[in-house]
Every structure is written in C-alpha cells, then in structure tokens.
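Visitor: Can you read through this structure? Questions will come right after.
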Amino acid sequence: MQKKEFFDSRARMIGFSILTITLTLVFGGITLAMLFGSITLEFPMFILSLILTIVLIPVSIVLLKKATTNEPSVVISTEGIMINGYIPKIGFIPWEDIDGCIPYQINKQAMLGFILFDEDKYVNKFTGMNKKLLEANKSMGYPAINVSINNLKDKEGFFEALAEQNIGFYLEDERQA
C-alpha cells in the first residue's frame with residue numbers, strides 16, 4: 001500500500017476561518033469602542049469581550065493557515081499513521097503501538113480515538129497546554145489521541161485505509177467490558 005493522504009475539507013476550514021475572523025472583529029470592535037468611550041457597557045462585558053478577542057485572534061490565524069496550506073491531516077501507510085492536522089500534532093505512530101480504534105462523539109463531533117498499548121509514551125512527549133489537551137481526552141474516558149472525522153474530506157476512504165491495515169474497531173460496550 002502506498003501512502004494515502006487525507007485532507008480536511010477546505011470549504012469547512014474556510015467557513016470556520018470566516019466565522020472566527022468575523023467574531024474577532026465584532027468583539028474587538030466592541031472592546032475598542034468601550035475602551036474609547038463610544039459604547040458604555042458594564043465592566044464585566046468589557047473583560048468578556050477582551051478575553052474573547054484575545055482567544056479568537058490566534059484561533060483565527062490557525063484556522064486561516066490551515067485552510068490555505070495544502071498539508072494532509074492524516075497519512076496512512078504500511079508502517080503506521082501520521083496525525084498532523086490537529087492540535088497537538090501527534091506525528092507518526094507505528095501500527096505495532098496501536099491496539100485498535102474506537103468511534104465516539106463529543107457534542108455531535110464524530111471522533112475516532114486510537115487505543116495505544118502505551119498511551120503515556122505519546123502523551124508524555126508533550127508539555128504544557130498540548131499535554132493537557134491529551135489528558136483531558138483521557139479524563140473524559142476517551143483515548144488521548146484521536147482524529148476528527150467530521151473535518152475529513154474523504155471519510156470513507158479513511159476508514160477503508162484503516163481496514164486495509166487490519167486495524168480493529170472497538171465498540172463502546174466492548175471497551176468497557
């Protein structure tokens with residue numbers, strides 16, 4: 001099997017980018033208007049709009065960058081899987097380290113979690129916020145490393161490529177037994 005590359009839907013990424021940029025401009029405008037006295041609102045509203053602006057600026061930049069680059073989010077080969085399209089960028093995982101996959105949903109977002117024999121080996125490669133993101137998945141009872149299925153352009157091809165590599169799929173009930 002040659003490498004199979006799977007990309008995020010460009011239209012979806014551009015839509016998310018436009019939405020976050022618009023929200024950044026709205027909350028940034030409100031913050032500036034309050035700062036210069038054009039609008040008078042309560043102080044907590046000023047703090048809220050300031051925090052939202054500060055959070056949305058980097059999110060907008062990341063989404064816009066992701067929408068404009070032509071880099072695959074996931075690459076599947078005979079050696080393993082490379083997960084690069086998500087934060088944190090996990091990188092390469094050989095098939096020998098993967099026990100199987102489990103599909104699940106969080107807030108209507110379809111996910112495919114990878115059950116690893118030594119999950120901590122991959123989680124401990126990261127520090128700070130990236131490590132906390134992976135640990136948050138674990139604390140909710142899901143695998144730390146996952147792929148967002150909704151964002152992939154070729155969902156069926158992704159599952160077919162995993163099946164070609166004989167990756168087992170667990171159902172929620174099987175995992176808990």
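Visitor: Please compare each pair in Lys89/Lys132; Lys4/Lys153; Lys121/Lys155; Lys108/Lys132; Lys66/Lys125; Lys108/Lys155 to a cut-off of 20 Å on the Cα-Cα distance and tell me which ones are over it.
Guide: Lys121/Lys155; Lys108/Lys132; Lys66/Lys125
Visitor: What is the magnitude of the charge dipole of the chain about its Cα centre, with +1 placed on the Cβ of each Lys and Arg, -1 on the Cβ of each Asp and Glu, and no other charges, expressed in debye to the nearest 20?
Guide: The calculated dipole for the chain is roughly 760 debye.
Visitor: If the chain between Thr68 and Glu156 were fully stretched, how many nm would it gain, using 0.36 nm times the residue separation less the Cα-Cα distance?
Guide: That works out to 29.3 nm of additional length.
Visitor: Is any helix in the chain, taking whole DSSP H runs, at least 18 angstrom long along its axis by alpha carbon and on average at least -0.5 on the Kyte-Doolittle scale, and which ones?
Guide: 10-35, 43-68
Visitor: Another question about this same structure. At 1.4 Å probe size, with the rest of the protein present, what percent of the exposed accessible area of the chain is carbon and sulfur atoms?
Guide: Taking all protein chains in place, the chain shows 62 percent carbon and sulfur surface.
Visitor: For the chain, which span is the longest to avoid every loop-located (per DSSP) member of trypsin sites (Lys or Arg not before Pro) having at most 12 other Cβ atoms inside 10 Å?
Guide: Formally, the longest exposed-site-free interval is 4-88.
Visitor: Also, quick follow-up: Hand me the chymotrypsin sites (Phe, Trp or Tyr not before Pro) from segment 16-67 located in a DSSP loop with no more than 14 other Cβ atoms within 10 Å, in residue order please.
Guide: Phe36
The values are calculated or read from the model by the stated rules, or taken from the named source; none is laboratory data. This is a predicted model, so every value here is computed, not measured. When we count neighbours, we look across all protein chains shown, and the Cβ atoms used for this are built from the backbone with ideal geometry, even at glycine. Note: accessible area is taken over every heavy atom of the protein model, side chains too, but ligands, DNA and RNA are not part of it. Shrake-Rupley method; radii C 1.70, N 1.55, O 1.52, S 1.80 Å.
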